[in-house]
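Report on the following structure.
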Amino acid sequence: MERIQDQFILLFFCLTSLTYMPLSTGYVLAFFLAVSICSSCYFFQSHRVCAMEIILFLGIACYVPEVLLFTPLIFYPLLERRFHYFWAFLLIVFGFIICLCPITELCFLGVGMLISIYLEIKTRHHKMLEYEFRKTRDDSTELNLLLKEKNQTLIEKQDAQVYAATLKERNRIAREIHDNVGHLLSRSILMVGALKAMNQQESLNVPLENLSNTLSDGMNNIRESVHDLHDDFINLEESLHTLVQEFDFCSVQFEYDMGLNVPKDVKYSFITITKEALSNVIKHSNATQVFLYCQEHPSMYQLILQDNGSQSSTSFEGSEGIGLTNMRDRVEALHGNFKLSTQKGFQIFITIPKKGI
């Protein structure tokens, strides 16, 4: 837009030449020729076309001197595109023609050339500043996006570390309860049992029985607490990764994309199913590559295990074994879907819906 404004300014300046010379057919011809050449310089980006148009302009100027009055308008696009040899050629020929021009036209053209140079330098500087501004803005936006991505990664890493530390502390507490409190309660129960066996006073039978029942209830509560802590301690990703590392029949490509708060029944199911599926690969497949994929979706959990074997279809043809039946029962108990395919290697596809969705 600024380039067009500059061109209108130069065109208006060139038209001011009418103040000291009459309007004639040559002037009108020069006006249309200058506007056409100026427009084509923007339309055609070829050096050859611009050179031919300048030569045409100068050739016509030899016969129609009024054309020279629009030289600043032609000079501007050459400066913009920095066709130095074009406008240098123009100046040389123009200097030759100027010798035949009156001093008034000479001064007019000189001022017009200076205006062209000034407008081009000003607009070029503004374009450069605008480019630097946009580049800085884009770099700043890109940097902000990278910082947000890194911050998100750090937050996720921090959450994973806190989760791992929490699980570790829960495991320590469960072990301490089992090793210390559990053993003390067990010994107390044995001691109370011995006292009940040796007791010969009927008045102590009821208190000893109540004490034995209380200790037994406490022991049961301790066992349930330890069991719950142990269930929460299970890290599904680490457990599956351990199974993959221990599987040495062939290579395994493992991908995990699930959150931290996976229900314990889903954890146990995925671990047991993966263990049984890898065992089936060893027993019934000649695969050289196994793919294990776990992903959490907004409404379900998904597990896919498949291999590239060529003997699975004949091995499982007819009926499912106990292992596959147990897999199906586990998934159906969680209201999930279990699909088995042996068309292109052994493949199981499992989806378990999230509760409350």
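The values are calculated or read from the model by the stated rules, or taken from the named source; none is laboratory data. Values in this document were obtained by computation on a predicted structure and should not be read as measured data. With ideal geometry, Cβ positions are generated from the backbone for all residues, glycine too; neighbour counts draw on all protein chains shown.
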Mind listing whichever residues of region 243-298 are part of a loop (DSSP other than H, G, I, E, B) and either over 31 Å from the mean Cα position of the chain (by Cα) or within 18 Å of Gln347 (Cβ to Cβ) (or both)?
Phe247, Asp248, Phe249, Cys250, Ser285, Asn286, Ala287, Thr288
Looking at (1) at pLDDT 90 or above; (2) assigned to a loop (DSSP other than H, G, I, E, B), which is the one condition that is false for Tyr301?
(2)
Among Val35, Val49, the single one that is at pLDDT below 75 and surrounded by fewer than 19 Cβ atoms within 10 Å (Cβ to Cβ) is Val49
For Val290, state whether it is over 21 Å from Gly336 (Cβ atoms), in the same structural domain as Asn326 (by TED's automatic domain parsing), modelled with pLDDT of 80 or more and surrounded by 12 or more Cβ atoms within 10 Å (Cβ to Cβ).
yes
Identify all residues within region 9-24 that are at pLDDT 75 or above and either part of a loop (DSSP other than H, G, I, E, B) or exposed (fewer than 11 other Cβ atoms within 10 Å of the Cβ) (or both); write none if there are none.
Phe12
Pair list, Cβ < 6 Å and 6+ apart or interchain, from region 59-70 residues that are within 14 Å of Met113 (Cα to Cα) and assigned by TED's automatic domain parsing to the domain that holds Cys14 to residues that are of a type in the set (A, V, I, L, M) and at pLDDT 70 or above
Leu68/Ala61; Phe70/Ala30; Phe70/Ala34
Any idea which of Leu78, Leu56, Leu29 is modelled with pLDDT of 70 or more, part of a helix (DSSP H, G or I) and touching a Cys at 6+ places or on another chain (Cβ under 9 Å)?
Leu78
Could you go through region 221-241 and let me know if any residue there is modelled with pLDDT of 85 or more and under 23 Å from Glu276 (Cα atoms).
yes
